[in-house]
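Notes for the one structure printed next.
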Amino acid sequence: MQIKGSIALVTGANRGIGAELAKALLASGAAKVYGAARDPAAITGAGLVPVRLDVTQDDQVAAAAATCRDVTLLINNAGIAAFTPLLEAPTLENAEAEMATNYFGTLRMCRAFAPVLKANGGGAIVNVLSVAAMFNVPMQGSYCASKAAETSLTHGIRHELKAQGTAVHGAYFGYVDTGMTAHLSMPKESPADIARGVLAGIAAGEEEILVDQRARDTRAALMQNPRAMELAMQAAWDARQRR
Ligand SMILES: NC(=O)c1ccc[n+]([C@@H]2O[C@H](COP(=O)([O-])OP(=O)(O)OC[C@H]3O[C@@H](n4cnc5c(N)ncnc54)[C@H](OP(=O)(O)O)[C@@H]3O)[C@@H](O)[C@H]2O)c1
């Protein structure tokens with residue numbers, strides 16, 4: 001779909017990639033951008049329409065869908081990552097929280113906004129996924145599982161929404177320099193570059209938006225050898241255990 005003239009809603013638009021997506025949407029000619037955040041006072045980007053929205057709360061999601069009835073482009077960006085392994089984590093708390101936000105939060109938003117998009121002619125949904133959805137990084141195993149579930153959801157709603165003309169995109173990229181990865185020292189992409197790449201993918205009609213080189217390399221490696229990343233991750237986990 002064309003970004004110019006669209007009416008977008010971005011979840012988690014107060015910081016990180018979400019804030020850059022909201023800014024890039026306006027810069028690309030979106031007619032209106034709802035900046036959704038748990039704390040709407042934290043939406044400080046110029047030109048954004050703040051909306052209170054915790055994606056884990058049924059009542060807030062329903063209220064947002066009732067208020068933002070003109071949305072044509074929904075970007076499900078809100079997400080959390082606990083960076084804990086599946087078995088080594090002391091309890092299920094992190095895994096359940098990641099699933100509640102990344103999977104059920106996205107599903108809740110898609111269910112609430114699908115009728116809105118239909119009423120406005122179809123439009124598009126973009127789910128912000130990750131290369132970590134393509135394989136399991138054992139040091140952050142439960143996050144990867146939640147992003148894999150969100151990826152499967154993305155494919156599933158695409159089937160259900162085709163008849164109403166809603167395009168469904170999944171955006172994949174590697175490490176980005178935001179609060180989520182502040183404790184990690186590896187090279188990271190800038191959130192502004194990622195936002196521009198996501199919008200370019202929407203405009204080009206790509207269902208799978210491979211935003212950065214990491215995503216393109218990972219997809220290519222998996223096409224060549226479906227076990228490539230699994231073998232690399234086993235080596236990484238074994239090296240961690242030896243330290
Ligand atoms: N950073 C990376 O390396 C990277 C890589 C691949 C994919 N991603 C994905 O990109 C997306 C954005 O990540 P980021 O790096 O920008 O993270 P971030 O800087 O930690 O920002 C996360 C955003 O999500 C919001 N959020 C969290 N839980 C929420 C909830 N229950 N309801 C509504 N909003 C909620 C946060 O709001 P508060 O301010 O209220 O906490 C914040 O606005 C996520 O889906 C993440 O999984 C990130």
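The values are calculated or read from the model by the stated rules, or taken from the named source; none is laboratory data. What you see is a predicted model, and the numbers here were worked out from it, not measured in a lab. Virtual Cβ from ideal backbone geometry, glycine too; neighbours counted across all protein chains shown. Please note that ligands, DNA and RNA were not included when accessible areas were found on the heavy atoms of the full protein model with its side chains. Shrake-Rupley method; radii C 1.70, N 1.55, O 1.52, S 1.80 Å.
For the stretch 5-25, check the following and say yes or no: at least one residue is in contact with a Leu (Cβ under 6 Å, 6 or more places away or on another chain), free of Cβ contacts under 8 Å to residues at least 40 places away in the same chain and among the polar types (S, T, N, Q).
Looking for residues that are in contact with a Leu (Cβ under 6 Å, 6 or more places away or on another chain), free of Cβ contacts under 8 Å to residues at least 40 places away in the same chain and among the polar types (S, T, N, Q), one finds none in the stretch 5-25, hence no.
When you go through Ala167, Ala182, Ala236, Ala200 one by one, which is the residue that is without any contact (Cβ under 8 Å) to a residue 40 or more places away in the chain and away from the ligand (no atom under 16 Å from the Cβ)? Even if it seems obvious, please write down each step before you answer.
On the way: Ala167 fails: without any contact (Cβ under 8 Å) to a residue 40 or more places away in the chain; Ala182 fails: away from the ligand (no atom under 16 Å from the Cβ); Ala236 fails: without any contact (Cβ under 8 Å) to a residue 40 or more places away in the chain.
One residue alone meets the criteria, Ala200.
From the list Lys188, Lys147, Lys118, which one is among the charged types (D, E, K, R), within 15 Å of the ligand (Cβ to nearest atom) and over 16 Å from the mean Cα position of the chain (by Cα)?
Working: Lys147 fails: over 16 Å from the mean Cα position of the chain (by Cα); Lys118 fails: within 15 Å of the ligand (Cβ to nearest atom).
Criteria check complete, one pass: Lys188.
Among the residues of the stretch 14-35, how many are of a type in the set (Gly, Ala, Ser) and either closer than 13 Å to Met180 by Cβ or touching a strand residue (DSSP E or B) at 6+ places or on another chain (Cβ under 8 Å) (or both)? Even if it seems obvious, please write down each step before you answer.
Restricting attention to the stretch 14-35, the residues satisfying the condition of being of a type in the set (Gly, Ala, Ser) are 16, 18-19, 22, 24, 27-31, 35.
In the following step, the residues that additionally are either closer than 13 Å to Met180 by Cβ or touching a strand residue (DSSP E or B) at 6+ places or on another chain (Cβ under 8 Å) (or both) were identified as 16, 18-19, 22, 30-31, 35.
Selection size over the stretch 14-35: 7.
Taking Thr84 as meeting all but one of (1) in a helix (DSSP H, G or I); (2) open to solvent by 20 Å² or more (accessible area, probe 1.4 Å), write down the number of the exception.
(1) is the only condition that Thr84 fails.
So in the stretch 42-77, with the set limited to residues that are free of Cβ contacts under 8 Å to residues at least 60 places away in the same chain and hydroxyl-bearing (Ser, Thr, Tyr), which one is nearest to the ligand (Cβ to nearest atom)?
Only one residue tops the list, namely Thr56.
I'd like to check something: does the stretch 220-229 contain any residue that is out of contact with any helix residue (DSSP H, G or I) (no Cβ under 8 Å at 6 or more places or on another chain), open to solvent by 60 Å² or more (accessible area, probe 1.4 Å) and in contact (Cβ under 8 Å) with a residue 24 or more places away in the chain?
no
Step by step: first the residues of the stretch 87-97, then only those that are among the aliphatic types (A, V, I, L, M) and in a loop (DSSP other than H, G, I, E, B), then the one that is farthest from Val10 (Cα to Cα). Which residue is that?
Just the residues of the stretch 87-97 that are among the aliphatic types (A, V, I, L, M), to begin with: 87, 89, 92, 95, 97.
With the extra rule that they be in a loop (DSSP other than H, G, I, E, B), the set shrinks to 87, 89, 92.
On the way: Leu87: 33, Ala89: 31, Leu92: 29 Å.
Checking each candidate, the answer is Leu87.
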